[in-house]
Amino acid sequence: MKEQILVNVTPMETRVATIEEGVVQDIHIERASQRGLVGNIYLGVVKRVLPGMQSAFIEIGLERAAFLHIADVIEQRQHPNDVMRIEKLVHEGQPVLVQVIKDPIGTKGARLSTQISIAGRFLVFLPQEHHIGISQRIEDDAERSQLRARMEKLLNGEHQGYIIRTSAEHATDAELLADIDYLNRIWADIKLKSQTLPATSLLFQDLSLQLRVLRDMVNDETGAVLVDSRENFAKMTEFSAAFVSDVLPRVQHYAGERPLLELYGVEAEIERALSRRVNLKFGGYLIIDQTEAMTTIDVNTGGFVGTRSFDDTIFKTNLEATQVIARQLRLRNLGGIIIVDFIDMDNEEHKSAVLDELKKALARDRTKVTISNFTSLGLIEITRKRTRESLAHVLCETCPTCQGRGEIKTAETVCYEILREILREARQFNAKEYRILASQNVIDLFLDEESASLAQLADFIGKPIYLLVESAYTQERFDVVLV
């Protein structure tokens, strides 16, 4: 059964899900207020050059200055064997054409490159280059040579840089020429704007998510693209007819009464993808912890006891976990460093089989992924290219109660903090009485188990202590009022 791509568009956000054999494989969410910046081209201004870090901060009109490293400067990329200095290439106040290659994430500003690339349906245009590259996913040498020769013939001696995308394998010459013309028109518009608009202006913005779906996600394995909005169905069919005509027959309008994403279980899958625990089919489970530095995934047997030996139970749990881990990386859009702690295996054949299965499961990921062998501690390190925020960062915010720790102090701990606070205040100030404002749980503890402690303290300082419940307070919050 071919995959289906579901597109749900509202004025506030767009949600896209890929369904394969009835199972959600990918989720993409783009909000109008949080639209990604990757691919955007700006006329930036150099704010500060840092020779020690071989980088520069560039103002592009965002809240935080963006970051440009020497490795992403076009001159260095064109001559990788030469050692260049950032201070020789840019200076403060200099206008510079830049493109966002990584969205701002957390406290980090956007990452930039001065090498411009503009994606089309079959090609990626590199206007500052003069060579033709080919997608690494096209592995057949004869096919690579044939595609390069076709492209050189179509360019007819023009020295322009292009990367031939995987989707170009079955494209006709007319389709490639149309893509070349489309990309050249975009580049001409960017150059014109760079000469007429003021510094920090946005010169080019990539397509919206629903249109990028048609350009980048639809392939031979896609059976249908279902769109639940008649207005956006019209926009997508118009775009398909103009730029990706082969996709047009697969774009369909969903007019059912039941919400499209609910019908295919996408909303429930999103809820599960925000959970720390992921249950495996046979009783095992994963614990996924996402931090700013890395993501850790811990595999556990849970209630799975197997039918043969303990080694066999571990092996089957780890094997099952490989498919779920690969899918969770896509669903949650986890990037950066990912450490997987499989259950310890002594059998080397089992280790090899688990590693091979994980590599196979990760091979279908559209995002670049690299994977290491088992370390001496039984861990596997995965790096997955991070260009946008994870699902949790898009949909969630830091808990105001625990401030992201994932746990809060017990009512007993807070009680003892209050007692110590009153003792400190009593030594510094001569108050007539003390009033404790705290949550219901803390006050209840003072009235019950800790009533003796409170009475002892009142006797020790020689002042009355009164209790007041403040319903708006979290368990950790309290105030000691001196009267």
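The values are calculated or read from the model by the stated rules, or taken from the named source; none is laboratory data. Everything quoted here is computed from the prediction, not taken from an experiment. No Cβ is skipped: glycine too gets one built from the backbone with ideal geometry, and neighbour counts run over all protein chains shown. Remember, those area values only see protein heavy atoms, side chains included, never the ligands or the DNA or RNA. Shrake-Rupley method; radii C 1.70, N 1.55, O 1.52, S 1.80 Å.
Each of 445, 324, 253 was placed along the dipole of the chain (beta-carbon charges, centred on the mean Cα), and the one lying farthest toward the positive end is 253. When the alpha carbon coordinates of the stretch 284-431 are projected onto the principal axes, the ranges are 74, 41, 26 Å, largest first. Among the GluC sites (Glu not before Pro) in the stretch 208-299, those located in a DSSP loop and surrounded by at most 12 other Cβ atoms within 10 Å of their own Cβ are 221, 257, 292. Taking the DSSP bridge list for the chain and keeping only pairs wholly inside it, about 75 percent are antiparallel.
Note on the stretch 418-474: with charges restricted to the Cβ of Lys and Arg (+1) and Asp and Glu (-1), its dipole about the Cα centre is near 360 debye.
The angle between the Cα long axis of helix 348-362 and the longest principal axis of the Cα atoms of the chain comes to about 70 degrees, rounded to the nearest 10. Taking amide H positions as placed in the peptide plane 1.01 Å from N, state which residues far from residue 94 in sequence (5 or more) or on other chains have amide H under 5 Å from it. Hits under the 5 Å cutoff: 46.
Here the Kirkwood formula, the inverse mean of 1/r across different C-alpha pairs, assigns the chain a hydrodynamic radius of 27.0 Å. Positive end of the charge dipole of the chain (Lys, Arg +1 and Asp, Glu -1 on Cβ, about the Cα centre): tell me which of 50, 371, 209 has its Cα farthest that way. Of the listed residues, the answer is 50.
In the chain, the longest principal axis of the Cα atoms and the axis of helix 141-155 are about 70 degrees apart. Note on the stretch 229-282: Cα-only Rg and Dmax are 16.5, 48 Å. Probing with 1.4 Å while keeping every protein chain in the model, the per residue accessible area of the stretch 176-269 equals 50 Å².
Dipole check for the chain: with +1 at the C-beta of Lys and Arg, -1 at the C-beta of Asp and Glu, and the Cα centre as origin, the magnitude is about 1260 Debye. Tell me, what % of the accessible area of the stretch 315-452 is carbon and sulfur with a 1.4 angstrom probe? Roughly 48 percent of what the probe reaches on the stretch 315-452 is carbon or sulfur.
Within the stretch 232-328, the trypsin sites (Lys or Arg not before Pro) that combine a DSSP coil assignment with at most 13 other C-beta atoms in a 10 angstrom radius are 276, 281, 308.
Please sort by residue number the GluC sites (Glu not before Pro) in the stretch 84-160 whose DSSP state is loop and whose Cβ has at most 13 other Cβ atoms within 10 Å.
In loop regions of the stretch 84-160 (DSSP not H, G, I, E or B), the sparsely surrounded GluC sites (Glu not before Pro) are 92, 139, 158.
Rg/Rh, computed from the Cα trace of the stretch 1-117 with Rh as the Kirkwood radius, has the value 1.13.
When the chain is described by a simple charge dipole with +1 on each Lys and Arg Cβ and -1 on each Asp and Glu Cβ, the residue from 343, 27, 91 located farthest towards its positive end is 91.
Using equal-weight Cα scatterers in the Debye expression, the normalised intensity of the stretch 203-314 in log10 at q = 0.10, 0.22 Å⁻¹ is -0.55, -1.14.
Could you work out what % of the accessible surface of the stretch 44-198 is carbon and sulfur, using a 1.4 angstrom probe and leaving DNA, RNA and ligands out of the count? That share works out to 51 percent.
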